[in-house]
Amino acid sequence: MTNPIEPDPMTDEAIAWAVRVGDPAFDDWGGFERWLSADPAHAAAYHAASAAEAEIVALLAAEPKARPLPDPAPAPVARPAWRRWTIPAAAALAAAVVGTVAVERQMRPSAPLVYETAAGAHRTVALADGSSAILNGATRLEASGDDARSLTLVHGQATFTVRHDEAHPFRVAVGGASVVDVGTRFDIVRDARETRIAVSEGAVDWQRDGNSVRLNAGRSLRVADGSSQAELADVAPDTVGGWAQGQLSFDGVSLAEAAADLSRTLGTAVAVDAALARRSVRATVRLDGGAARVMPRFAALTGVRAVRDGAGWRLAASP
């Protein structure tokens, strides 16, 4: 006699989330995202639960009615909320999920896990392999549901601290290229069709179209989309990812680029007068005290004026 398969706690949670999300009144998207992010296997379990739920809904809809209602008015089809489920339907859903979740995990690629921050917010993401990423503001990072060592930086900035594994390299897809970890710690910025990489420990390989560039600690790379040339430079290792420790360092970047970094990190729009956009700046500014203190401090260090501009700031020429 075959013993019945009992749902495990993760499957039970996946069923509960599938039913709750189907409720039109559901509004706990933050909790749902935290549950998905807590374990890469959660995404596969949730997809299995959702698929099984859809099958159950279809079966219930197909059951013959004892007394059909005359001329029913058309209505939009909605996924039923938990309070509308009958006990047999809920039991059928649980059985269907238990029977399919293992197959889903093996045969269906898991949806990517998405980590996002609003401008001015920071977030530390602990990855399943023991590596970590600190996200700066206005950043979107996606992790493959099947492989925690395969990430995509869609936009924004992140500093990665990687558990090195030669047999299974850590990769970040960004701007049509791949950044492959050869060491430990590095920072990537993806902003306005340009990619910037800086390495503070170990090394990374930047790879695109069959070409590869090795960046050791203390080296940086800048490349624009569509460009065949990558710009290499030296960088102070202790300044890489400094925004996560409360300071921003600019070493020969344009004022427009510095403004973009300030906007992302402070969560406040920072504009630059067109005549100053290409001016090169070198400065290290502390981030304590918010934009009201950081912007005048930055202006004093770079020889410009920081002017209030609505809810944001504008960098203008000194009188």
Kindly indicate whether any position in region 211-234 is touching a residue at least 60 places away in the same chain (Cβ under 8 Å), within 23 Å of the chain's Cα centre (by Cα) and not in a strand (DSSP E or B). no
So Leu262 ticks every box in (1) within 25 Å of the chain's Cα centre (by Cα); (2) farther than 25 Å from Leu135 by Cα but one. Which box is left unticked? (2)
Yes/no for Ala192 being in the same structural domain as Asp129 (by TED's automatic domain parsing) and assigned to a strand (DSSP E or B): no
Which residue, of Val179, Val154, Val172, Val114, is over 13 Å from the mean Cα position of the chain (by Cα), in a strand (DSSP E or B) and either farther than 18 Å from Leu36 by Cβ or at pLDDT 90 or above (or both)? Val179
Inspect region 237-257 for any residue being among the aromatic types (Phe, Trp, Tyr), in a strand (DSSP E or B) and outside the structural domain of Ala138 (by TED's automatic domain parsing) and give the result as yes or no. yes
Out of Gly252, Gly289, Gly226, I need the residue that is over 24 Å from Val204 (Cβ atoms), surrounded by fewer than 18 Cβ atoms within 10 Å (Cβ to Cβ) and of a type outside the set (Val, Ile, Thr). Which one? Gly289
Find the residue count for region 263-319, including only residues that are under 18 Å from Asn136 (Cα atoms) and assigned to a loop (DSSP other than H, G, I, E, B). 7
State yes or no: is Arg314 surrounded by fewer than 16 Cβ atoms within 10 Å (Cβ to Cβ), touching a strand residue (DSSP E or B) at 6+ places or on another chain (Cβ under 8 Å) and not aliphatic (A, V, I, L, M)? no
Quick test of your reading of the structure: Ala118 fulfils all but one of (1) in contact with a strand residue (DSSP E or B) (Cβ under 9 Å, 6 or more places away or on another chain); (2) surrounded by fewer than 20 Cβ atoms within 10 Å (Cβ to Cβ). Name the failing condition by number. (1)
Restricting to region 117-151, count the residues that are outside any strand (DSSP E or B) and touching a residue at least 12 places away in the same chain (Cβ under 8 Å). 18
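The values are calculated or read from the model by the stated rules, or taken from the named source; none is laboratory data. Predicted model, so just to flag it, every value in this text is computed and none were measured. Positions of Cβ are generated from backbone atoms using ideal geometry, with glycine treated the same way; all protein chains shown enter the neighbour counts.
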